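Heads up, the thing below is written out as structure tokens.
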Amino acid sequence: MQVLVTGAAGYIGSHALRALVGAGHRVIALDNLSRGHRGAVPADVPFHQVDVRDTDAVETILREGRVECVMHFAAFTYVGESVEDPLLYYDNNTRGTLSVLRAVERAKTPRLVFSSTAATYGEPTEMPIRETTPQTPINPYGMSKLLSEHMLRDFAAKSPHFGYSVLRYFNVCGCAADASLGEDHEPETHLIPVILQAALGKREKITVFGEDYPTPDGTCIRDYVHVEDLADAHVKVMEALAPGDARVYNLGIGRGHSVKEILDAVRRVVDRPFKVESGPRRAGDPPALYADPSKIERELGWRARHTDIADAIESAWRWFLAHPAGYGD
Ligand code: UDP
């Protein structure tokens, strides 16, 4: 298939692009490079430095490339930043998706796979989280993605020749096995890279945000899914998409690790000391979040292959050792 990947120079988009190429698909990469890295997209892949809010430019790429599926990753992803500047998120994420949908409508592109998030569930009413668990986001980031999901659903309802999928990611982690693609965020806030940066001496310490949660060891529990498994799920979902489809799936491994368990796992993988301190809870962090990923397994046969968190930590560690300055741009 001919696939347009928006946000192709970002962490998840770049891994998905590689999985698409590996599965024999043809790809076109799009990124405005506001946060992505040109070096994350192979030089032989057609690349457009375009903002998804430029509807005309996206439409032209869809038409001229005879695109059969859009994978829409382009978005900002910091919860804290979204609280500080909500309009930035509604503009970039929600208006960005609106623009992509308008371009898809005009170019009559038949499929779209949307990058959504477990943050749309907010503080869930049941655990594990199913696709039918009520979505009540507690921050503008989650809401910006939920609004995008709604737009997509409503657009699809009147477009019988269009099929789409919404993929709700849990905590994405790890890097390409050959350490050629990785996580290069500025600032970095995610748990595993933050710990690895402390081990590398790039930050003084790691602070555990709250040890008084109602969990077995008092720290928060999350479902950590390897980025390569996530990328494979995108390919599988896209290949299954038929006109009229509205496929919504959680992508996680189906069980959680606490912050302390992650710290222990890093200590086993990384043979360097790092300083850990206890800090207060971070606003908006629910005690435990993990997926029920059985729907995608039942319907498409996908399940995470990397279920040992050490695999993801090892791959991320290799990336950091090989690329101390990230992509260097
Ligand atoms: N966390 C932490 N210290 C950090 C970063 C994260 O204790 O420096 C905790 C955070 O409170 C959460 C978990 O690690 O319980 C995962 O956080 P992350 O920011 O990686 O992902 P999120 O769950 O917010 O999407």
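If only one of E123, E149 is more than 18 Å from E59 (Cα to Cα) and modelled with pLDDT under 95, which one is it?
Within the list E123, E149, the selection yields E123.
I'm told M127 meets every condition in (1) in contact with a strand residue (DSSP E or B) (Cβ under 8 Å, 6 or more places away or on another chain); (2) open to solvent by 60 Å² or more (accessible area, probe 1.4 Å); (3) away from the ligand (no atom under 15 Å from the Cβ); (4) aliphatic (A, V, I, L, M) except one. Can you identify the failing condition by its number?
For M127, the exception is condition (3).
Going through segment 147-177 one residue at a time, which ones are open to solvent by 10 Å² or more (accessible area, probe 1.4 Å) and in a helix (DSSP H, G or I)?
Of everything in segment 147-177, those that are open to solvent by 10 Å² or more (accessible area, probe 1.4 Å) and in a helix (DSSP H, G or I) turn out to be L147, E149, H150, M151, R153, D154, F155, A156, A157.
Could you please let me know if A107 is under 24 Å from I61 (Cβ atoms) and open to solvent by 10 Å² or more (accessible area, probe 1.4 Å)?
In short, yes.
Would you confirm, using the coordinates I've provided, whether V172 is within 16 Å of the ligand (Cβ to nearest atom), out of contact with any helix residue (DSSP H, G or I) (no Cβ under 9 Å at 6 or more places or on another chain) and of a type in the set (A, V, I, L, M)?
For V172, the condition - within 16 Å of the ligand (Cβ to nearest atom), out of contact with any helix residue (DSSP H, G or I) (no Cβ under 9 Å at 6 or more places or on another chain) and of a type in the set (A, V, I, L, M) - is not met.
Consider K275 against the criteria (1) more than 16 Å from the ligand (Cβ to nearest atom); (2) charged (D, E, K, R); (3) closer than 26 Å to D212 by Cα: it satisfies all of them except one. Which criterion is unmet?
Going through (1) more than 16 Å from the ligand (Cβ to nearest atom); (2) charged (D, E, K, R); (3) closer than 26 Å to D212 by Cα one by one, K275 breaks only (1).
Could you give every pair whose Cβ atoms fall below 8 Å, whose first residue belongs to segment 253-267 and is modelled with pLDDT of 95 or more and open to solvent by 10 Å² or more (accessible area, probe 1.4 Å), and whose second residue is within 14 Å of the ligand (Cβ to nearest atom) and in a helix (DSSP H, G or I), counting only separations of at least 6 or pairs across chains?
H257/A265; H257/I309; V259/L191; E261/I309
Could you give every pair whose Cβ atoms fall below 7 Å, whose first residue belongs to segment 205-234 and is more than 27 Å from W319 (Cα to Cα) and among the charged types (D, E, K, R), and whose second residue is within 11 Å of the ligand (Cβ to nearest atom) and open to solvent by 10 Å² or more (accessible area, probe 1.4 Å), counting only separations of at least 6 or pairs across chains?
Matching pairs, first to second residue: E211/S278; D217/K260.
Out of the residues in segment 178-200 meeting the condition of being farther than 21 Å from A43 by Cβ and open to solvent by 60 Å² or more (accessible area, probe 1.4 Å), tell me which one is farthest from the ligand (Cβ to nearest atom).
E186
The values are calculated or read from the model by the stated rules, or taken from the named source; none is laboratory data. Predicted model only: the values in this text are computed from it and were never measured. A quick note on method: Cβ atoms are made from the backbone with ideal geometry, for glycine too, and the neighbour counts reach across all protein chains shown. With ligands, DNA and RNA removed, areas are computed over all heavy atoms of the protein, side chains included. Shrake-Rupley method; radii C 1.70, N 1.55, O 1.52, S 1.80 Å.
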